[in-house]
């Protein structure tokens, strides 16, 4: 087997840490904030029902109802606060040969997907995303479904452009037999 | 009506050998066995009424058996296959008819399976795997061994031809070797398998095979003990025996249980790996083994993703290694412990043999002899802070609420000490290394495992850094391969840069395929 093994010095390599990342769309952050706030409001309403109405109505269910609604409110609040703070930190970068996506508030995580290893690619749009002209880019590799590479919060056109870029990449999505 | 031992690519529909009836019957029984495990309690409840009405149950069971045989015969009658120059077609199914159409070039892997009832007549099952979904795979049931081998050569020939047409140099080099003679690389003796059974928990193999007998077995243990004059209830009664005797009894029972488990494990090991040979035919590895059902698993070397060199504590004592060659695992998570098709294991070899085998498959790999760097000692601190100390606090709180604070402190301290020991042992094992071609990772607790993969086989990579790691300039990286992911925690960012950027560079610039 012929193998080319040129020595590399770490400094000459293109570095992930030097990438300039672009943030996800402001609309995406806005939509997520609206959704999480709505969930918190719904949980607050549930809490009010549990404290004010249920005790009079079915007294036996008082304690469980209070606990369940308080737990739900707590979880939804934590998720809402986390999304509020972490969503603006989501960003992505596109290089000639790979895609990177960075996210996380306490743990910053950078995932890099080489384009030559992309098996197939999907642009996904839910009903709310469609209304705001947003989309999500999914790149599947042989690493399995646990490791599907996802960039959320792209403009629909941008996602389509990225898909075209990846499909045009001469090595990607080759039909491996 | 049965098939002749010559490969006939005549485009006619052929019937398989009638011995396939046995195969269909065994398959249905196995499936039913799997279903009825859940009904065992119901049968136990109904046991008495079944016993009381033999006039209904015996004809009922006979009828069921006849129905199953009829089903097997019908399955055999509708099963046809047809070969042309470049495709294989299979028609099967009584109610749900399926017709599988499989061009030779799409066949990724060919396996032979020889259940015990085929052994005498030299028939085998030929399993044809395709790349993608499990739906598309085909199984030729009951064809003559020599016919199967001839067909395999034809399929491999067709594939090699197509690969040559498709893209140039490297597949050309592969082609003449693909059909070359086999060289046996490794054999395992029964002694090796006994060691393998002792050092590895292979008990599930045995339990899986013995599952239908299980209930009866559990029942008879109790009666066996009372037969030889041991009354279990009396033996474990603290009031009449005192603590020392009960403790001794418990200890000896544990020992006996361990011995029985070890024996089962050895039996499991021999069941799967009896007559083990690992051979190389050109660029493919072939594993053959099995006491009752002979399995043949082939691994084309270009599909090899990673190699694992694993020693449990008993392996360290006995100086043995389990070497695993892993290939593409996507969409095939496999059951725990079950030897899936995506792995090729060489059980309990000597470390030197393992090193040589690894080097045969991945020339130039250092595997366990690489110069490993250890990860940062913050690993231990974080494990203590975020795992062991919370657990110990929780446990002490529970103890405090139930008894007194002195006991709570004792329990808490014991858990912290245990956690510290575990964290230290694990930290000591963690190590990583990389050269221009490979990345090596060492990990373990009491035992040790070394993993190695070629950098260009990388599918995806991720690098993460928590707030605590950032202050120490540390991070965690995770390599995603087609055979699963491999991560390294708490390594210095400088080393991570070399591993991440270097591996990405090689993956993206080499233009080499991952399979």
Exercise. So, in region B:349-367, of the ones that are over 11 Å from residue B:307 (Cα atoms) and assigned to a helix (DSSP H, G or I), which residue ends up nearest to the other protein chains (Cβ to nearest Cβ)?
Worked result: B:360
Problem set entry | Residue selected from region B:486-515 under the condition without any contact (Cβ under 8 Å) to a residue 40 or more places away in the chain and facing chain A (nearest Cβ under 7 Å), by the criterion surrounded by the fewest Cβ atoms within 10 Å (Cβ to Cβ) | B:511
Exercise. Just a yes or no: is a residue in region B:110-132 within 14 Å of chain A (Cβ to nearest Cβ) and not in a loop (DSSP other than H, G, I, E, B)?
Worked result: yes
Seminar exercise, completed: Residue count, region B:468-493, condition outside any strand (DSSP E or B) and modelled with pLDDT under 90, comes to 3
For this session: Please verify whether region B:423-432 includes one or more residues that are buried (at least 20 other Cβ atoms within 10 Å of the Cβ), over 25 Å from residue A:103 (Cα atoms) and modelled with pLDDT under 90.
Result: no
For this session: Identify all residues within region B:470-485 that are more than 8 Å from chain A (Cβ to nearest Cβ), crowded, with 22+ Cβ neighbours inside 10 Å and in contact (Cβ under 8 Å) with a residue 60 or more places away in the chain; write none if there are none.
Result: B:474, B:483
Problem set entry | Residue within region A:97-106 that is at pLDDT below 90, within 8 Å of chain B (Cβ to nearest Cβ) and outside any strand (DSSP E or B) present | yes
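Given B:318, B:291, which one is in contact (Cβ under 8 Å) with a residue 24 or more places away in the chain and surrounded by fewer than 18 Cβ atoms within 10 Å (Cβ to Cβ)?
The match here is B:318.
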For this session: Identify, by number, the condition in (1) in contact with a helix residue (DSSP H, G or I) (Cβ under 6 Å, 6 or more places away or on another chain); (2) touching a residue at least 24 places away in the same chain (Cβ under 8 Å); (3) surrounded by fewer than 19 Cβ atoms within 10 Å (Cβ to Cβ) that residue B:445 doesn't meet.
Result: (2)
For this session: State the number of residues belonging to region B:188-199 that are assigned to a loop (DSSP other than H, G, I, E, B) and out of contact with any helix residue (DSSP H, G or I) (no Cβ under 7 Å at 6 or more places or on another chain).
Result: 1
Seminar exercise, completed: Note on region B:428-456: residues outside any strand (DSSP E or B) and more than 9 Å from chain A (Cβ to nearest Cβ) are B:428, B:429, B:430, B:435, B:444, B:445, B:446, B:447, B:455, B:456
Exercise. So which residues in region A:144-158 are over 17 Å from residue A:114 (Cα atoms) and surrounded by 14 or more Cβ atoms within 10 Å (Cβ to Cβ)?
Worked result: A:152, A:153, A:154, A:155, A:156, A:158
Exercise. Which residues, taken from region B:130-187, are modelled with pLDDT under 70, out of contact with any helix residue (DSSP H, G or I) (no Cβ under 8 Å at 6 or more places or on another chain) and under 21 Å from residue B:361 (Cα atoms)?
Worked result: B:169, B:170, B:173, B:176, B:177, B:180
Exercise. Residues B:323, B:291, B:304, B:299: which one is more than 15 Å from the chain's Cα centre (by Cα) and more than 14 Å from chain A (Cβ to nearest Cβ)?
Worked result: B:291
Seminar exercise, completed: region B:246-304: strands (runs of 3 or more DSSP E) wholly inside it with 2 or more residues that are more than 22 Å from residue B:126 (Cα to Cα) are none
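The values are calculated or read from the model by the stated rules, or taken from the named source; none is laboratory data. Computed from a predicted model, the values in this text were never measured in an experiment. Reconstructed Cβ throughout: ideal geometry from the backbone, glycine too, with neighbour counts over all protein chains shown.
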